[in-house]
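Structure first, commentary second.
The values are calculated or read from the model by the stated rules, or taken from the named source; none is laboratory data. These numbers were taken from a predicted model, which means no experiment stands behind them. Positions of Cβ are generated from backbone atoms using ideal geometry, with glycine treated the same way; all protein chains shown enter the neighbour counts. Heads up: the accessible areas ignore ligands, DNA and RNA and are worked out on the full protein's heavy atoms, side chains in. Shrake-Rupley method; radii C 1.70, N 1.55, O 1.52, S 1.80 Å.
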Amino acid sequence: QVQLVESGGGLVQAGRSLRLSCTASGSIFGINVMGWYRQAPGKQRELVATSSRRRSTNYADSVKGRFTISRDNAKNTVYLQMNSLKPEDTAVYYCNADRIGHNYWGQGTQVTVSS
């Protein structure tokens, strides 16, 4: 089993920044892709950004140029730097880890962007 613990969410004004962190523990050997997804009220969960163990990254079009995903393999931690936040970025952000074909999720952290 893999446990994922997120931190860093909160309430910010539009245009400001936040950084999310997610640390994996447990059976971490074999984790390849780690990433962030988000779910806004009444909407489906959507991909935000992912990073492979070799740091190949992928972003949703809506966050390209504003969000940056990074990863510290030694700390088993993935980060999401979110700049120029918009009210439409308001959602619960979930950390995800893929380990040998199994998906694991964190409990989620709320990000609220006020206009």
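Quick notes on this structure:
- Residues of the stretch 32-65 that turn out to be in contact with a helix residue (DSSP H, G or I) (Cβ under 9 Å, 6 or more places away or on another chain) and at pLDDT below 95, as a count: 2
- Inside the stretch 28-70, residues that are crowded, with 19+ Cβ neighbours inside 10 Å, small (Gly, Ala, Ser) and in contact (Cβ under 8 Å) with a residue 40 or more places away in the chain make up a count of 1.
- Scanning the stretch 71-101 for residues that are in a strand (DSSP E or B) and either in contact (Cβ under 8 Å) with a residue 40 or more places away in the chain or under 12 Å from Ala40 (Cα atoms) (or both) yields a count of 15.
- Positions within the stretch 1-27 being open to solvent by less than 30 Å² (accessible area, probe 1.4 Å) and more than 18 Å from Val111 (Cα to Cα), in sequence order: Val2, Ala24
- Residue in the stretch 95-115 that is under 16 Å from Arg19 (Cβ atoms), at pLDDT 95 or above and aromatic (Phe, Trp, Tyr) present: no
- Any hit, the stretch 86-109, residues being touching a helix residue (DSSP H, G or I) at 6+ places or on another chain (Cβ under 9 Å), open to solvent by less than 40 Å² (accessible area, probe 1.4 Å) and not hydroxyl-bearing (Ser, Thr, Tyr): no
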